[in-house]
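See below for the structure under consideration.
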Amino acid sequence: MSDKIDIKSMNYEELEQFVVTGLNDKKFRARQIYDWLHVKLARSFDEMSNLSRALREKLADQCELTALTVVKCYVSEIDGTRKYLLRLPDGNIIESVLMKYKHGNSVCVSSQVGCRMGCRFCASTLDGLARNMTASEVLDEIYVIQRDINERISNVVIMGSGEPLDNYDNAVRFIKMLSDANGLNISQRNITLSTCGIVPRIYDLAGEDLQITLAISLHAVTDERRRELMPIANKYSIEEILKACRAYYGHNNRRLTFEYSLVKGVNDSEEDARALGRLLRGINAHINLIPVNPIKERDFRQSEANAVVNFKNKLEKYGENVTIRREMGRDIQAACGQLRKNYIDALESEE
């Protein structure tokens with residue numbers, strides 16, 4: 001790794017201090033530099049045309065400017081979803097997804113290269129965790145896409161490859177910088193962080209006083225069944241997760257989202273629906289039902305359409321707020337980790 005300063009991961013206050021003490025320049029230069037990095041989305045110091053050549057050279061000498069490159073972009077013929085394979089500065093490959101809705105453009109970002117959580121229905125975890133991503137790398141996923149489509153990104157979900165609470169410091173820094181008025185200024189209410197349930201970090205996140213939506217990957221109504229699907233359930237029980245969720249809600253009064261992937265014959269029965277309704281009773285919750293996206297490495301199958309609708313109807317009888325997630329980009333392998341896994345496998349088979 002480079003010993004240069006990761007300038008794009010600096011928040012505004014840190015950049016001001018660096019400009020004054022590290023570059024021996026005037027404080028107002030920080031605003032110019034920050035604007036180039038996080039509003040104009042510059043990919044090199046040479047683009048910063050209102051800075052002197054001497055200052056640009058000094059920046060290039062002391063700092064690295066994280067800039068991801070597009071390896072491939074796949075566009076769904078079904079719904080226009082765009083899936084990006086992006087190369088990090090060290091050569092690692094990640095993926096990001098752009099979904100276009102009537103209410104605006106939403107990007108799903110990765111927070112780690114791979115994942116070590118081991119959820120059995122997810123392709124992201126098949127090859128384990130390579131490393132955490134820096135705040136600048138996660139930010140640049142959005143910057144690359146915004147530059148590519150020349151449209152503003154209005155919503156962000158940290159729901160791609162990786163477990164964001166397993167990369168806690170960088171994930172929180174990313175959220176605070178993304179919502180900074182000096183940068184893209186995306187409202188925290190338009191940011192969702194999805195976690196499989198690392199309980200201590202949920203309490204930490206509650207203490208950050210953020211206004212983001214917390215989404216819990218639940219996927220089962222009993223600890224026994226959840227352990228079959230998600231190894232993290234061996235460490236934290238559903239009861240412990242729900243207690244942490246109540247604490248999170250107590251800090252910011254933000255409605256919680258519970259994600260529930262429906263797997264045929266595993267967790268999609270009427271009894272499962274009744275148990276889920278009982279489990280979440282009294283919690284200000286939105287339940288997001290997700291027909292599981294099959295991956296070739298596992299034998300899980302998607303629930304029948306009528307089973308999905310019946311599950312939803314049963315939950316609504318319990319007074320729960322429920323939606324069925326629209327399947328976006330099915331024809332371009334838009335499920336977490338699928339495209340990256342296939343790309344890496346293809347490269348390895350050529351060697």
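The values are calculated or read from the model by the stated rules, or taken from the named source; none is laboratory data. The model shown is predicted, which means the values in this text are computed figures rather than measured ones. When we count neighbours, we look across all protein chains shown, and the Cβ atoms used for this are built from the backbone with ideal geometry, even at glycine.
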In the set Asn288, Asn284, Asn252, the lone residue that is at negative phi, surrounded by fewer than 22 Cβ atoms within 10 Å (Cβ to Cβ), within 23 Å of the chain's Cα centre (by Cα) and modelled with pLDDT under 95 is Asn252
Taking Ser237, is it polar (S, T, N, Q) and buried (at least 17 other Cβ atoms within 10 Å of the Cβ)?
-> no
For the stretch 161-176, which residues satisfy the criterion of being among the hydroxyl-bearing types (Ser, Thr, Tyr) and either surrounded by fewer than 16 Cβ atoms within 10 Å (Cβ to Cβ) or at pLDDT 95 or above (or both)?
-> Tyr168
Top-ranked residue in the stretch 130-154 [being outside any helix (DSSP H, G or I), among the charged types (D, E, K, R) and over 17 Å from the mean Cα position of the chain (by Cα); ranked as surrounded by the most Cβ atoms within 10 Å (Cβ to Cβ)] = Glu151
Can you work out which of the residues in the stretch 216-232 that are within 18 Å of Ser124 (Cα to Cα) and aliphatic (A, V, I, L, M) is nearest to the chain's Cα centre (by Cα)?
-> Ile216
Which of the residues spanning the stretch 204-234 are surrounded by 15 or more Cβ atoms within 10 Å (Cβ to Cβ), assigned to a helix (DSSP H, G or I), of a type outside the set (D, E, K, R) and out of contact with any strand residue (DSSP E or B) (no Cβ under 8 Å at 6 or more places or on another chain)?
-> Ala206, Pro231, Ile232, Ala233
From the options Asp209, Asp268, Asp272, residue that is in contact with a helix residue (DSSP H, G or I) (Cβ under 6 Å, 6 or more places away or on another chain) and of a type in the set (D, E, K, R) = Asp268
Checking Tyr260 against (1) surrounded by 14 or more Cβ atoms within 10 Å (Cβ to Cβ); (2) assigned to a loop (DSSP other than H, G, I, E, B), which single condition isn't satisfied?
-> (2)
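How many residues are in a helix (DSSP H, G or I), over 14 Å from Leu262 (Cβ atoms) and modelled with pLDDT under 90 when one looks only at the stretch 291-323?
0
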Right, Ile158: touching a Pro at 6+ places or on another chain (Cβ under 7 Å), surrounded by 20 or more Cβ atoms within 10 Å (Cβ to Cβ) and within 17 Å of Cys115 (Cβ to Cβ) or not?
-> yes
Starting from the stretch 93-118, keep only residues that are farther than 19 Å from Val71 by Cα, then list their pairs with residues that are of a type in the set (Lys, Arg) and at pLDDT 95 or above whose Cβ atoms are within a distance under 7 Å, requiring at least 6 positions of separation or different chains.
-> Asn105/Arg152
Segments classed as strands (runs of 3 or more DSSP E), wholly inside the stretch 65-123, with at least 2 members that are at pLDDT 95 or above, surrounded by fewer than 21 Cβ atoms within 10 Å (Cβ to Cβ) and of a type in the set (S, T, N, Q) = 104-109
Name the residue, out of Ala244, Ala305, that is under 30 Å from Asp127 (Cα atoms) and not hydroxyl-bearing (Ser, Thr, Tyr).
-> Ala244
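Based on this model, can you work out whether Gly277 counts as surrounded by 14 or more Cβ atoms within 10 Å (Cβ to Cβ) and either of a type in the set (A, V, I, L, M) or touching a helix residue (DSSP H, G or I) at 6+ places or on another chain (Cβ under 9 Å) (or both)?
Considered against the rule, which asks whether it is surrounded by 14 or more Cβ atoms within 10 Å (Cβ to Cβ) and either of a type in the set (A, V, I, L, M) or touching a helix residue (DSSP H, G or I) at 6+ places or on another chain (Cβ under 9 Å) (or both), Gly277 comes out as yes.
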Is it the case that some residue within the stretch 236-246 is farther than 20 Å from Gly319 by Cβ, over 23 Å from the mean Cα position of the chain (by Cα) and not in a helix (DSSP H, G or I)?
-> yes
For Leu41, state whether it is surrounded by 15 or more Cβ atoms within 10 Å (Cβ to Cβ), touching a residue at least 60 places away in the same chain (Cβ under 8 Å) and under 21 Å from Ile145 (Cα atoms).
-> yes
Quick check: is even one residue across the stretch 189-203 assigned to a helix (DSSP H, G or I), in contact with a helix residue (DSSP H, G or I) (Cβ under 6 Å, 6 or more places away or on another chain) and more than 24 Å from Leu242 (Cβ to Cβ)?
-> no
Restricting attention to the stretch 178-188, does a residue exist that is buried (at least 22 other Cβ atoms within 10 Å of the Cβ), over 22 Å from Leu289 (Cα atoms), at pLDDT 95 or above and of a type in the set (A, V, I, L, M, F, W, C)?
-> yes
